[in-house]
Structures are given as C-alpha cells and as structure tokens.
Amino acid sequence: MRQKIIAGNWKMNTTLEEGIQLLQAIAVQIKDNTAQVIICPPHTHLASFNDNKDVHKQILIGAQNCADEACGAYTGDISVAMIQPFVKFCIVGHSERRSYHGETNESIKAKIDLLLQHQIQPIFCCGESLEERNNEVHFELVESQIAAALFHLDESSIAQIIIAYEPIWAIGTGHTASSAQAQEMHAFIRSLIAKKYSSAIADRISIIYGGSCNASNAMELFAQSDIDGGLIGGASLKAEEFIKIIQAAN
Ligand code: PGA
C-alpha cells in the first residue's frame, strides 16, 4: 500500500522567524501519524530548518523551485546543488511558476533531470485551467504535461517522482475539485503511467491532490483509491488546520 503524503507549500509566505514558529507549532502537534509530512518553505528558511532538524524529526523538508541550469550567470536563481544539503524534495512545474514565470515543459523536464541527479525527489505539478476543463480538453492537457516532462525517464527514475494533480481553477480559490473529479483524473494519470511503464510502477507511484484542500474536505479526498495525499497551500500556513489535514490522511 502506498504511504499517504501531506506536503505543505508555503509559497511566498512567512519571514524566517515566522517560519520557525510555524514549523515548531506543527512539529509539536504531530503524533504518531502514518502519513509522510513534507514542508516546502521559502528558500531563505532551508539552512536554518536543516540546522534545527531535531525539533522537527517527523517532518521532511522540500524546496518550492530550482533553476533549470546547473550553475552560471542566472541572477537570482537557485541551483539544485545549492538546495541539495537541505532538502529531500522539490516542487517543480507549479502552475504559478508556469503562468507568472513562463515556465515551459522543457524547463520543467531539465529541472527534473537535475533533481534526480542530486537524489532529490521532484514533486511534479500538473493540471488544467477552468477554460480547458470547460472545453473538455483537461485529460489531453494533463497527459501532454506528463508526457513532456516525465516520459523520457527510465523505470527507476519515474518511480522517484511524486505527481501532484492541481487543477488551476481550484488553487487558492476555495473551489476544491469534487472527490469524484479528482479521483477520475488521478486514475487517468495512473493509467498513463501503467501504459507507458507497467502496472507495477503505476501502483507504486504517489499521486497527490492540490487545490483548496482543507480540514473539511481532506478526508473525503484522501479516501479515494488513487489519491495518495495532498499538496496544501493556504491551509498549510495554519498549524491547527494543517494538523487536521495530516490526521485526515491517517
Ligand atoms: P491552495 O494551494 O491549497 O492554497 O489552493 C495549493 C498549491 O498551490 O499547491
């Protein structure tokens, strides 16, 4: 059985001081949860969180993004080698990066390759806009995102990927996908992996849901057979709420 994963994406929120407080508030409330808890804070927090590993033993740390080049003249960018000492995971292809920073499938593919070379597990985001769903091209769109960024990987590499299905119309809007809509897409994604690789690999791969997931809807979403947890934005910034989401995955 796949272990549930609950990942908090703090986005561009919290100063370092606020981040340390939030991390501690979450860490003290985590009991014997069976879900894997990951927190992805801003890059500026990574070294400090790593120095204080002992206070958050049950929480693994991830980055929110990385550069698609190994090093060089890329002002303001942060390379995979720079984050490697501090993280086990890194989000790639988030829709906010795709839309505000013009990230392409090519760039996302390059990031995934660099992360895997550095033994960091990519949390690869995909998902359609409302217009694409209304035009009934959402399956096609998600398939094209996955094929472009992942299908060059061999079997051992694809098994390292965590796929996050995040319909853009659900992110930060309060309009969660229904559990049936999310399950339908997750099952479709798993079928793509089975077709390209094998059903054994498809059974192992974690596919998590993101988009207005909160303490009230988490349990129903996580009860779906192909939903292996969540990528949580807004609700991961409130310790009590985030803890309830973690408990919903147990
Ligand atoms: P949200 O964000 O939970 O605030 O909708 C999810 C995400 O963007 O990862």
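The values are calculated or read from the model by the stated rules, or taken from the named source; none is laboratory data. Model, not experiment: these values are computed from the prediction. Because the Cβ atoms are built from the backbone with ideal geometry, glycine has one as well, and the counts that use them run over all protein chains shown.
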#### Entry: First in the stretch 69-97 and without any contact (Cβ under 8 Å) to a residue 60 or more places away in the chain, second anywhere and away from the ligand (no atom under 16 Å from the Cβ) and of a type in the set (Lys, Arg), Cβ under 6 Å, 6 or more apart
92/111
### Query
Out of all the residues in the stretch 30-40, which are touching a helix residue (DSSP H, G or I) at 6+ places or on another chain (Cβ under 7 Å) and either buried (at least 21 other Cβ atoms within 10 Å of the Cβ) or of a type in the set (Asp, Glu) (or both)?
35, 37, 39
### Query
Does residue 145 satisfy being under 21 Å from residue 128 (Cα atoms) and more than 18 Å from the chain's Cα centre (by Cα)?
no
## Note on the structure
Scanning the stretch 11-29 for residues that are under 20 Å from the mean Cα position of the chain (by Cα), within 15 Å of residue 245 (Cα to Cα) and surrounded by fewer than 22 Cβ atoms within 10 Å (Cβ to Cβ) gives 27
### Close pairs from the stretch 151-164: first within 16 Å of the ligand (Cβ to nearest atom), partner in a loop (DSSP other than H, G, I, E, B), Cβ under 7 Å, at least 6 apart
163/205
### Task
Scan the stretch 45-57 residue by residue and report those that are surrounded by 12 or more Cβ atoms within 10 Å (Cβ to Cβ) and over 18 Å from residue 122 (Cβ atoms).
45, 47, 48, 49, 50, 52, 53, 55, 56
### Task
Need at least 3 residues that are closer than 30 Å to residue 68 by Cβ and either modelled with pLDDT of 95 or more or among the basic types (Lys, Arg) (or both) per element, so show me which helices (runs of 4 or more DSSP H) inside the stretch 131-250 make the cut, counting only ones lying wholly within it.
138-150, 155-158, 179-196, 199-204
### Residue in the stretch 94-108 that is surrounded by 15 or more Cβ atoms within 10 Å (Cβ to Cβ), away from the ligand (no atom under 16 Å from the Cβ) and over 13 Å from the mean Cα position of the chain (by Cα) present
yes
### Message
Condition first: surrounded by fewer than 20 Cβ atoms within 10 Å (Cβ to Cβ), within 16 Å of the ligand (Cβ to nearest atom), without any contact (Cβ under 8 Å) to a residue 40 or more places away in the chain and not β-branched (Val, Ile, Thr). Now tell me which residues in the stretch 172-213 satisfy that.
### Response
174, 175, 178, 181
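Which of the helices (runs of 4 or more DSSP H) contained wholly in the stretch 1-116 include at least 3 residues that are out of contact with any Phe, Trp or Tyr (no Cβ under 8 Å at 6 or more places or on another chain) and not aliphatic (A, V, I, L, M)?
Of the helices (runs of 4 or more DSSP H) lying wholly inside the stretch 1-116, those with at least 3 residues that are out of contact with any Phe, Trp or Tyr (no Cβ under 8 Å at 6 or more places or on another chain) and not aliphatic (A, V, I, L, M) span 16-29, 95-100.
Residue-wise test of (1) touching a Cys at 6+ places or on another chain (Cβ under 8 Å); (2) of a type in the set (A, V, I, L, M).
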position	(1), (2)
80	yes, yes
86	no, no
93	yes, no
96	no, no
104	no, no
#### Entry: Tally, over the stretch 7-60, of residues that are within 16 Å of the ligand (Cβ to nearest atom) and among the aliphatic types (A, V, I, L, M)
7
